[in-house]
Amino acid sequence: MRVGLLSDIHANLVALEAVLAAIGKVDALWVTGDTVGYGPDPGDTLALLRNRGALLVQGNHDRAVATGEGLEYFHDRAAEAARLHQQWLSPEERDALAALPTIAKAGGFTLCHGSLRDPLWEYVTTTRAAGATLQLAETKHCCNGHTHIPALFHLTAEGAKATHIVERTAYRLEERTLVNAGSVGQPRDGDARAAYALLDTEAGTVTFYRASYRVDETQRRIRARGLPEMFADRLAFGV
């Protein structure tokens, strides 16, 4: 099975369209949270993923937009964007976000946004945190997001180890592996291109990719919709 793995789209429809065009035909699309928040097109982003039959798990921004829960933990501009998304989305769209699972299983993988210790909020940036999630998993492999930085960890007898990622290189899924595809809509690793990954479950590999998109168009839409300026500015630098 060939799976497109996405995360942290953050209502950046232009970036999502570029990624889906680059991915081409896949057997499944998995999205590890934060489909909304920050960006200009939450409704159209959700509709496109729904039309593609994507499997979504809930992120902290999805929860905040759907229910208001967690807004107190956001900085002022992130909370402002979430409240605008609440106004723009229909009650049915907010209900659908609220109903998303925080943890899902598919094809031998467990999906979450943060970690299995804290599916909405924990940032897995260390081997210790990655090892804790892999130890909790009931499947061989896990996929997460939240950090906006692509990452690959595998569990060994000595604990979890991180792999340095090179774009377009196929990495074997070891006995226990945690995959973070990075962010489609708000990359934070110094590369402004949209990040995604492709899983090949038959070959047992994951490959990380980047897709160029019209950053200036997303910036224009952010400004036109009255979202905080910082969410347009940072897109050009991938921070």
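The values are calculated or read from the model by the stated rules, or taken from the named source; none is laboratory data. Here the structure is a predicted model, which means the values were calculated and not measured. Methodologically, a virtual Cβ is constructed for each residue, glycine included, from the backbone with ideal geometry; neighbour enumeration extends over all protein chains shown. These area figures cover heavy atoms from the full protein model, side chains too; ligands, DNA and RNA do not enter into them. Shrake-Rupley method; radii C 1.70, N 1.55, O 1.52, S 1.80 Å.
For the chain, the solvent-accessible area with a 1.4 angstrom probe is 42 square angstrom per residue. 3J(HN,Hα) along the range 72-78, derived from phi through the Karplus expression 6.51 cos²θ - 1.76 cosθ + 1.60 where θ = phi - 60°, amounts to 5, 8, 7, 6, 4, 6, 5 Hz, with x in place of Gly and Pro. Taken along its principal axes, the alpha carbon cloud of the chain reaches lengths of 50, 33, 30 Å, longest axis first. Quick one: which residues, 5 or more positions from L111 or on another chain, have an amide H under 5 Å from its amide H? H modelled 1.01 Å from N in the peptide plane, none for Pro or chain starts. Counting only residues 5 or more places away or on other chains, the set is A104, K105, A106, C143. Note on the range 88-239: dipole from Cβ charges, positive end direction compared against A181, T147, V215; the farthest Cα belongs to V215.
This model, with +1 at the C-beta of Lys and Arg and -1 at the C-beta of Asp and Glu, gives the range 17-126 a dipole about its Cα centre of some 320 debye.
Surface composition of the range 1-68: carbon plus sulfur atoms hold 47% of the accessible area, using a 1.4 angstrom probe and ignoring ligands, DNA and RNA.
Peptide packing: for 44-51, 147-154, the average count of neighbouring Cβ atoms within 10 Å per residue gives the ranking 147-154, 44-51, highest mean first. Restricted to Cα atoms, the range 95-185 shows a radius of gyration and a Dmax of 12.7, 43 angstrom.
The C-alpha radius of gyration of the range 32-109, expressed as a fraction of 2.2 N^0.38 Å, stands at 1.06. Both radii come from the Cα set of the range 7-66: Rg as radius of gyration, Rh as Kirkwood radius; their ratio Rg/Rh reads 0.94. Given their separation in residues at 0.36 nm each and the Cα-Cα distance between them, R77 and A47 gain 8.3 nm when the chain is fully extended. Computed from backbone phi with θ = phi - 60° and the Karplus coefficients 6.51, -1.76 and 1.60, the 3J(HN,Hα) list for the range 84-95 is 5, 4, 4, 6, 6, 7, 6, x, 5, 5, 5, 4 Hz; x is used for glycine and proline. Share of carbon and sulfur in the accessible area of the range 80-239 stands at 49%, probe radius 1.4 Å. In this structure, the amide hydrogen of R188, modeled 1.01 Å from its nitrogen in the peptide plane, lies closer than 5 angstrom to those of S183, counting only residues at least 5 positions away or on a different chain.
The calculated FRET efficiency for K105 paired with A224, based on their beta-carbon distance and R0 = 35 Å, is about 0.30.
Reported to the nearest whole Å, the Cα centre-to-centre distance from the range 1-40 to the range 113-167 is 20. As a calculated quantity, the FRET efficiency between E217 and E69 at R0 = 30 Å, using C-beta atoms, amounts to about 0.40.
Highest mean packing comes first when the peptides 109-122, 211-224, 12-25, 29-42 are listed by Cβ atoms within 10 Å, giving 29-42, 109-122, 12-25, 211-224.
Applying 1/(1 + (r/R0)^6) with R0 = 25 Å to the Cβ-Cβ distance of A157 and M1 gives a FRET efficiency near 0.30.
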